[in-house]
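Everything below concerns the one structure shown next.
The values are calculated or read from the model by the stated rules, or taken from the named source; none is laboratory data. Treat the numbers as computed from the prediction; the structure is a model and nothing was measured. Positions of Cβ are backbone-derived with ideal geometry, glycine not excepted, and every protein chain shown enters the neighbour counts.
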């Protein structure tokens, strides 16, 4: 007997593929509803009880799920409850930015196992230098995981630029990169590590982190705005990350707001990034990457003290940022727009101006229900999202083999 997957173009389905899909369905259910029983899984997924029992046994064998005793607070016989295990596994995310590199490792449930942040002169480093730096950091993380007897499931690296669906960095203006085969170069530098290496846009990954781990987790429609030297958007619509036809979507930082405005790093004038990015807050001062965070802290100090020039500057940047957010609200109607990166410490002064612009520029009443909030995930959001992307591959059925 064969299973038919299409009525228009009949193809026999591989039973191994069907089982992998069903394993992923059960694993996702446990992640979202634990503690739960086998009967709960069968009732909610439509799989019969015998199939569920077989699938759960397989997941327990792979140490992805474990039993956690009986519960009697239910109708009928006590049931053995299931929760995620995943203790032998780790997913790694890395972010390369203009002024730092961050690495995060999480277990299957998303609990952070480590979070490291290192200063990095991205604006003056070549692709090969970045590869050496990232490979060294990944090796340190994998060595730590090996000491804890954890198998690394994969690594995803976030980059502030256009990343194609094949993982090639077409252009990263703030890093000065073009046509970089970062995935291939990093895999070679790691000497075929035994796990997959993926590359994605940093805003995309930060959006994944918010969707999976943040206070807005589960929001079907959200947009994350990076607040680094560059400004990019990670877009989740109807519960799915949207990258565009070739992976180049979300470059809101290069929407032109003022054709007579400041010059952007992309070479154009008056881009959102130029008039509302962190460079605008720092007034395009000639700062080294290591000084940016110190300067942001000084801006916060002056704003708290009520220094008028600083307050006026932040209000102007907030209004320009609000113009960009209004475009997002009118075009995509998200439930929430999340400000990340260096926008977070500046949010108390930026958000009022952003809200004022939205009220005047969005067509739907109250911005169509769109809220604007500051991220709570810190500077490691994109790296955390890189780990989330690895976990997504597990959720889609690429499960580690039984030990």
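Residue pairs whose Cβ atoms lie under 6 Å apart, separated by 6 or more positions or on different chains, with the first residue in region 376-400 and on the phi > 0 side of the Ramachandran plot and the second in a helix (DSSP H, G or I), are 397/20; 397/21; 397/24. Of all the criteria given as (1) closer than 21 Å to residue 293 by Cα; (2) modelled with pLDDT under 90, the one not satisfied by residue 115 is (2).
The condition (being more than 30 Å from residue 342 (Cα to Cα), surrounded by fewer than 21 Cβ atoms within 10 Å (Cβ to Cβ) and at pLDDT 90 or above) is satisfied by just one residue among 70, 47: 47. Restricting the search to strands (runs of 3 or more DSSP E) fully inside region 150-217 and requiring at least 1 residues that are within 13 Å of the chain's Cα centre (by Cα) and either on the phi > 0 side of the Ramachandran plot or assigned by TED's automatic domain parsing to the domain that holds residue 126 (or both) gives 151-159, 196-201. Could you tell me whether residue 334 is out of contact with any helix residue (DSSP H, G or I) (no Cβ under 6 Å at 6 or more places or on another chain), closer than 25 Å to residue 215 by Cα and without any contact (Cβ under 8 Å) to a residue 40 or more places away in the chain? It is false that residue 334 is out of contact with any helix residue (DSSP H, G or I) (no Cβ under 6 Å at 6 or more places or on another chain), closer than 25 Å to residue 215 by Cα and without any contact (Cβ under 8 Å) to a residue 40 or more places away in the chain. Is there a residue in region 340-348 that is under 19 Å from residue 238 (Cα atoms), within 19 Å of the chain's Cα centre (by Cα) and in the same structural domain as residue 233 (by TED's automatic domain parsing)? No, region 340-348 has no match at all.
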